[in-house]
1. Going by what's in this entry, would Arg156 be described as surrounded by fewer than 18 Cβ atoms within 10 Å (Cβ to Cβ), more than 21 Å from Leu23 (Cα to Cα) and at pLDDT 95 or above?
2. Among the residues that make up region 124-141, is at least one of them at pLDDT 95 or above and surrounded by 18 or more Cβ atoms within 10 Å (Cβ to Cβ)?
3. Against the condition buried (at least 16 other Cβ atoms within 10 Å of the Cβ), at pLDDT 70 or above and of a type outside the set (Phe, Trp, Tyr), how does Arg120 come out, does it pass?
4. Where residues in region 83-114 are closer than 22 Å to Ala144 by Cα, part of a loop (DSSP other than H, G, I, E, B) and aliphatic (A, V, I, L, M), which of them is modelled with the highest pLDDT?
5. With (1) at pLDDT below 95; (2) under 15 Å from Glu6 (Cβ atoms); (3) in a loop (DSSP other than H, G, I, E, B) as the list, and Met168 as the residue in question, which single condition is left unmet?
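The values are calculated or read from the model by the stated rules, or taken from the named source; none is laboratory data. The shown structure was predicted, so the numbers you read here are calculated from the model rather than taken from an experiment. Positions of Cβ are generated from backbone atoms using ideal geometry, with glycine treated the same way; all protein chains shown enter the neighbour counts.
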Amino acid sequence: MSNRIETLAEGVTLHLGDCREILPSLGKVDAVVTDPPYGIDWIPRVNHQEQIWVDDKQFDPAPFLVARYHLFFGANYFAHKLPPSEAWFIWLKRPAGFDDCVKTFAPCEMAWSDFPGKQRIKTQVWDGGKRAGDADNRSFCHPAQKPVEIMRWCIREIDARTILDPFMGSGTTGVAAVKLGRRFIGIEIEGKYFDIACRRISEALKQPDLFIERPKPAKQEAFL
């Protein structure tokens, strides 16, 4: 596979390729925030039957412990490969009283972190087509897509200037990072999702949160 690099702004760089090959070439990052494949043979449902999706290999987090801080969604499936932590993030997807007839997915998701502090819990409705929050949450860009609000929540909990997501997918972590004025490095192996991530993060760069300084435009190199 030939790698492709897109620099969307100063400090915002996306890589198309295998993260295992690209990681050694990257500089220092402050935090890894990612939603890796869990290795549970999960098969996406109706909205993504046609996409490329492989979740049949057990995930080893060791090669991705490359920063000061780390957060891995789905780590309840591979927690035995990580140090004990009190700082789990619990995303409640179907709170008490929420349409008991709709039980398409698990009521919560868990993320291991080595962030300072104790456990965190956040409610964000996310069950099938019922997706609260940002309109972009209902775009169904990727079978394992996370809400922008959830990734913002994770990133805001840590003092980290540069965020790395080695399993970028359709770019939700990057959207959250740039809207918070953070630098971002994303890696995605599938060209279809890489292109979607480029588009979504480019759009987010044009619409930063109020009172947060947006990343500067990428410098244009002069041709000699």
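1. Working: surrounded by fewer than 18 Cβ atoms within 10 Å (Cβ to Cβ): yes; more than 21 Å from Leu23 (Cα to Cα): yes; at pLDDT 95 or above: yes.
It is true that Arg156 is surrounded by fewer than 18 Cβ atoms within 10 Å (Cβ to Cβ), more than 21 Å from Leu23 (Cα to Cα) and at pLDDT 95 or above.
2. Taking region 124-141 first, the residues at pLDDT 95 or above are none.
No, there is no match, as no residue in region 124-141 is at pLDDT 95 or above and surrounded by 18 or more Cβ atoms within 10 Å (Cβ to Cβ).
3. On the way: buried (at least 16 other Cβ atoms within 10 Å of the Cβ): yes; at pLDDT 70 or above: yes; of a type outside the set (Phe, Trp, Tyr): yes.
Yes, satisfied.
4. The qualifying residue modelled with the highest pLDDT is Ala106.
5. Every condition holds for Met168 apart from (1).
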